[in-house]
Amino acid sequence: MSHQTNLNQRYQNILKATIKHYIATAEPVGSKTLAEEYNLKVSSATIRNVMGRLEEAGFLYQPHASAGRIPSDSGYRLYVDRLISPDTISGKQLEWSLSRQLKKERWSFEALLQRATQILATLSGYIALITLPQNPSNILRHLQLVHLSSGQIMLIIVTDAYQTQSVLMELSPFTSEREGLDEEVIEGELQILSNFLNSKLKGRSLAEIAALDGTELGREFERYADFLQVLARELRRFSQPSAAPIMVRGVAEVLRQPEFSQLQQVQTLLHLLEEEQDQLWPLIFTVSHFEHCAQRVTIRIGSENPLEPMRTCTLIAANYYQDDIPVGSVGVIGPTRMLYENAIALVETTADYLSDALS
């Protein structure tokens, strides 16, 4: 039972009931409670046995020897990935609130974002975060690889604001497999490669290109796989998106949760939200890897968060778009004991609303 997919229906039902009960009460859950309050159609002894197995598999743990069990980060991860679907009712409720309170034509976009952040915080009960949109001059218009007589290649990119940037690269990764290529062949191949890269990357934001994995490109153009790895690294230089300010609302709501009763922990989280937004920014505004955009929402649970102050929190985020290009992001931060169905729907709805407003 070490692997997620091996959980049969009974195990899934008991895990789901345990997590739902813990989210609602913040109290460790025992088998007796589950038998009484959830229609699981099995005895308390069976539930206790299954909970023991779920603990062995790392989905639950006991905070104290005599207490019931609570979900681990892995338990929440399985719950989010396999056992729930977003709550459409809370999504609709938010959509109604946004359209009623925000008449798009009456607001500047920044004022619209501030109100949307406040509404999201109020309805979710968590810390709401919305990034201001990125500068649109970060879209790739053209890319060219040029062979220089010094045995180097110049990579030139032109953005949609007609800004040009360039970087020098060594020729050696390009010719490593094939000794003694003459100038004309190299130039011809660089042109083919430039055409290939333009067909793949033109119209994408530099932030999106920064998230490129060179191996993805290399699979399609195997002869240049090593060179494309180096190229992907170089492209990142152009594309460190400048961290746009993040609007933050709803801190007071979250501080009422029992998880935030320790002052030290609250202070480090507040410091991150107020003073270190540049560290938080790449976690909220994530551009998915090449051609893998099926996942609308990014969810980082507890220890999946790279920043220490957020290791006891969950971050749920989704991008909003201008003409199919991701320009900003909407997120909520709360305890890992979060109403996931609700929070996911609220984040998605807000992101959709802002995309509509921008387009």
Next item on the list: Tell me which residues, restricted to region 241-253, are in a helix (DSSP H, G or I) and at pLDDT below 85.
Entry: E253
Item checked: Boolean, I70 is in a strand (DSSP E or B) and touching a residue at least 12 places away in the same chain (Cβ under 8 Å) -> yes
Note to self: If I ask for residues that are loosely packed, with under 15 Cβ neighbours inside 10 Å and closer than 22 Å to M338 by Cβ, which ones from region 13-57 would you list?
What the structure shows: A24, T25, A26, E27, E37
Note to self: Condition first: buried (at least 23 other Cβ atoms within 10 Å of the Cβ), assigned to a helix (DSSP H, G or I), assigned by TED's automatic domain parsing to the domain that holds T117 and at pLDDT below 95. Can you find one or more residues in region 281-297 that meet it?
What the structure shows: yes
Check: So how many residues does region 306-326 have that are modelled with pLDDT of 85 or more and in contact with a strand residue (DSSP E or B) (Cβ under 6 Å, 6 or more places away or on another chain)?
Finding: 8
Check: Taking region 82-124, which residues are in contact (Cβ under 8 Å) with a residue 40 or more places away in the chain, of a type in the set (S, T, N, Q) and assigned to a loop (DSSP other than H, G, I, E, B)?
Finding: S85
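The values are calculated or read from the model by the stated rules, or taken from the named source; none is laboratory data. From a predicted model like this one, the values you see are computed outputs, not experimental measurements. Methodologically, a virtual Cβ is constructed for each residue, glycine included, from the backbone with ideal geometry; neighbour enumeration extends over all protein chains shown.
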